[in-house]
Amino acid sequence: MIGNDLDSAPSAQNAELERRLNRLTLEEKVQLLTGRDFWTTWPLERIGLRRILVSDGPSGVRGEAWDERSPSLNLPSATALSASWDITIADRYGAASAREARRKNVDVVLGPTINLHRSPLGGRHFEAFSEDPILTAELAAAYVVGVQRNGVGATPKHYVANDFETDRFTADVQVDERTLREVYLRAFEKAIVEAQAWLVMSAYNSVNGATMTENELLETPLKSEWGFDGVVISDWTAVRSIASAEHPQDLVMPGPDGPWGEALVAAVRAGAIPEAVVDRKVLRILRLAARVGALDGVEQVSSTPVDLEDDVAFAREAAAEGTVLARNDGILPLEPSGIRSVAVIGHNARDARTQGGGSATVLPEKVVSPLAGIREAFPEADVSYSIGAVVQEGVVELPLDTMTNPTTGEPGARVRFLDAEGGEMFVEDRRASALVYFGGEAPVADAALFEFTTRYTPAENGTILLGFAGVGEGRVLVDGEAIVDVKAEPVGSDLGAAFLTPPSNSAPVEVTAATPIDIRFELRPLHLAGMGNAMSVTIGTEQDTSEPSALIAEAAAAARAADVAVLVVGTNSRVESEGYDRSSLALPGRQDELVEAVLAANPRTIVIVNSGAPVELPWRDRTAALLLSWFGGQEYGHALADVLTGVREAGGRLPTTWPKRLEDAPVSSTTPIEGVVRYEEGVHIGYRAWLKAGIEPAFPFGFGLGYTTWSLGSPEVRAHDTGWTVEVPVANTGQRAGKHVVQVYAERPDSTVDRPVRWLVGFAAVRAAAGTEQVIRATIPRRALEHWDGGWTLEPGEYVLRIGTSVADLPETVTVCVP
Ligand code: BGC
């Protein structure tokens, strides 16, 4: 099963690694193959090996603790990155992640996520790049290079076909070999063969009957054909058997418990598993250690980050680069000096989603909301705010500036873990009321009671809904009186989701502005089997949803009174997160009604969509302008303001087709049937399926507008050893500098194989000043025209390359002839 000899290839470094390996006992070797805890591997000082710290990823690096006291850069979601269609942005995004990792002593980033957007219902769609394998591959490779150039390991994940969340631990994906090779493995191939990723994460799901930690795909193509010399790290808890040890699965996470340990030592002693199998895995972990500088005396790739740039400025630039202008009747860009009043509307305008939920979550120090960004960009204007419709569900945390720690008097709260006798086991002062314990020192598993106390000072008079989100027996007391007292059970069967998206309970409390109340929260945690020392709890307030029509009317009145309305609609953490898929593409709550009312009140309405994935926008053609802005990261508000005022152009093009209605989407269910998900559409995923069905989407793949105009000249194509280069003169014919993304698609109408009507084979982003012309070069790798037929095959004959600005707008043509 484990066939290649790469691990024993003669090289000075391999010889040194082998020397260290030979000093280890079998017990020590096996110990190294399972994590020490949630995020680290075992140190073995005897051979100069320190621990290796891994961290999520992929849009920022959380670090060892899930803790607001150690904040992280929150980059725009992967969908925003892929919308840039720009490998230099992807490289810088990787470099920014590496800088964050180095700052936090992290050796390995658990990203990029390079599963595909097979269906818009995929719960973690925001975390992956695209529906297209080539676009994903190019960006993934650039991300990996950007990370690793700076001395940190990258981990393309989840290998492979983890393109949905429903029953992700057990679902079996049935997919033919050609589709796997051409579509789902394509980005992994590029990230490993070309970008040389140091790790790969094996997925939870099965493919063609075998769970991925025991799947032949770990050997072929990964190790044998692609020559992968790094570490196959499991997704968390994905290794379930001793049998997996016989496969090229190298590292079991998390630890310290797991199915290998003593059972593996015994299996080796009994001769059931050769020790050489264990040795190969250990060597790979030592090689990773050498690469990240965790092995004394063996040089790491780079000891300091080589790329330096202002991370916050980059987050702002990247968000604008990924924002897609989907419609503009000429209202944009706005001239701030000509605008007296702006009505900012929408729950997400104030409480924006800057990242998706689940394991990818990072804790930014500061987030700029769209409302704050617009207020800053229009200093002379009267900027009003109305919520319009409630979007965010459940209890959200209390703002830091409303909380006082009763013990220290500082902003924040005091947290205590108590034993059954009421003895204090652990105390900490926190600066947030949303707390996740996932690794770290707190004795979550052993404590009988968790206690959180703060003095809360409301900003306004009124009734608030105060409560908590968490599982267990919870009591919320206000000035000593219990207002909530419930036993909250976990929801759903996915452990991760039950943990990170627990149910909310709240009760009304009358408050007076500037008059503090004492809040005490007590929780007898319900320890979920398999969650070990992990717990998540939020103490805070819920939105009042009792009068939706009044909220809409208020927002419409504000829009009517203003020169321009900026309405931010979007999804919430219940819609887009980890551990479950979406059930609908409709905007949650009463947002469609809200948009209709605001459009009727003021035709000068700009709608901004804040979602990580496509949503239905039935009113899209009646907006003055429409921006699809994904989860924009911590500088989201600044980036939007830059685009609205024209300081920057919206640089994005759609990395995924946006359907008019879910029913039109090629794959409109992600629920396994009897445990099986059949990838029946084969290679026809995403826009390829739309083309085949002849249905028109709301916005096609590759589409996005700018603030200037362009013309394309006649393309020329040149063949070389590894593929072709297409050169196209591009002229900026407008009045402003701008960005253009030139896309090249192939067609093969008379093919002997079942091909897509057309498929992306290359692209290039270009920036040019007004009135200037450039020749852009797009590289078409040979692989882009090849198909899989038991091996890679290039069908002889003519391929038509069509060149333009989206899959649906391809005015230029050039032909390639394969002899
Ligand atoms: C996710 C991975 C993640 C891991 C560690 C898993 O549930 O699927 O993407 O890296 O947890 O948090």
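The values are calculated or read from the model by the stated rules, or taken from the named source; none is laboratory data. None of these values were measured; they are calculated from a predicted model. Positions of Cβ are generated from backbone atoms using ideal geometry, with glycine treated the same way; all protein chains shown enter the neighbour counts. The accessibility values were calculated without ligands, DNA or RNA, using every heavy atom of the protein model including side chains. Shrake-Rupley method; radii C 1.70, N 1.55, O 1.52, S 1.80 Å.
If you go through region 62-84 one residue at a time, do you hit one that is without any contact (Cβ under 8 Å) to a residue 12 or more places away in the chain and either open to solvent by less than 10 Å² (accessible area, probe 1.4 Å) or within 26 Å of W260 (Cα to Cα) (or both)?
Taking every residue of region 62-84 in turn, none turns out to be without any contact (Cβ under 8 Å) to a residue 12 or more places away in the chain and either open to solvent by less than 10 Å² (accessible area, probe 1.4 Å) or within 26 Å of W260 (Cα to Cα) (or both).
State all residues of region 621-644 that are in contact with a Leu (Cβ under 6 Å, 6 or more places away or on another chain) and either open to solvent by 10 Å² or more (accessible area, probe 1.4 Å) or in a helix (DSSP H, G or I) (or both); if no residue qualifies, say none.
Residues satisfying the conditions are R622, L644.
Condition test on S577, is it of a type outside the set (V, I, T) and within 16 Å of the ligand (Cβ to nearest atom)?
Answer is yes for this residue.
Name the residue that is most open to solvent (accessible area, probe 1.4 Å), counting only residues in region 398-420 that are farther than 14 Å from V537 by Cβ, outside any loop (DSSP other than H, G, I, E, B) and among the aliphatic types (A, V, I, L, M).
So the residue we want is L400.
Taking the residues in region 580-614 that are among the charged types (D, E, K, R) and farther than 19 Å from I331 by Cα as candidates, determine which candidate is farthest from the ligand (Cβ to nearest atom).
Here the answer is E593.
Which numbered condition in (1) assigned to a loop (DSSP other than H, G, I, E, B); (2) out of contact with any strand residue (DSSP E or B) (no Cβ under 6 Å at 6 or more places or on another chain); (3) open to solvent by less than 30 Å² (accessible area, probe 1.4 Å) is the only one that Q249 fails?
Failed condition: (2).
Okay, residues lined up against (1) open to solvent by less than 70 Å² (accessible area, probe 1.4 Å); (2) within 35 Å of the chain's Cα centre (by Cα); (3) under 25 Å from T402 (Cα atoms):
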| residue | (1), (2), (3) |
| --- | --- |
| L466 | yes, yes, yes |
| E481 | no, no, yes |
| V486 | yes, yes, no |
| V491 | no, yes, no |
| G496 | yes, yes, no |
| S504 | yes, yes, yes |
| E510 | no, no, yes |
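Might you check whether a residue that is among the small types (G, A, S) and at pLDDT 85 or above occurs anywhere in region 538-548?
Within region 538-548, one or more residues are among the small types (G, A, S) and at pLDDT 85 or above.
Among the residues of region 270-285, write down those that are in contact with an Asp or Glu (Cβ under 9 Å, 6 or more places away or on another chain) and part of a helix (DSSP H, G or I).
Within region 270-285, V277, D279, R280, K281, V282, L283, R284, I285 meet the criteria.
Can you list the strands (runs of 3 or more DSSP E) found entirely within region 135-244 that contain at least 2 residues being surrounded by 23 or more Cβ atoms within 10 Å (Cβ to Cβ)?
199-202, 231-234
Residues of region 100-146 being within 13 Å of the ligand (Cβ to nearest atom) and more than 20 Å from A665 (Cα to Cα), which ones?
If the condition is that a residue be within 13 Å of the ligand (Cβ to nearest atom) and more than 20 Å from A665 (Cα to Cα), then V106, V108, V109, L110, G111, P112, T113, I114 are the ones that fit.
State which residue pairs qualify: first residue within 25 Å of A171 (Cα to Cα) and inside region 185-211, second residue open to solvent by 20 Å² or more (accessible area, probe 1.4 Å) and within 16 Å of the ligand (Cβ to nearest atom) in any location, beta carbons under 6 Å apart, and separation of 6 or more residues or different chains.
As it stands, the answer is Y204/F169, since those pairs meet every condition given.
If A613 satisfies all but one of (1) open to solvent by less than 10 Å² (accessible area, probe 1.4 Å); (2) within 29 Å of D382 (Cβ to Cβ), what's the number of the condition it fails?
Here A613 meets the rest and fails (2).
Does region 653-704 hold any residues that are crowded, with 21+ Cβ neighbours inside 10 Å, touching a Leu at 6+ places or on another chain (Cβ under 7 Å) and either charged (D, E, K, R) or farther than 28 Å from D86 by Cα (or both), and which are they?
Across region 653-704, the qualifying residue is only T670.
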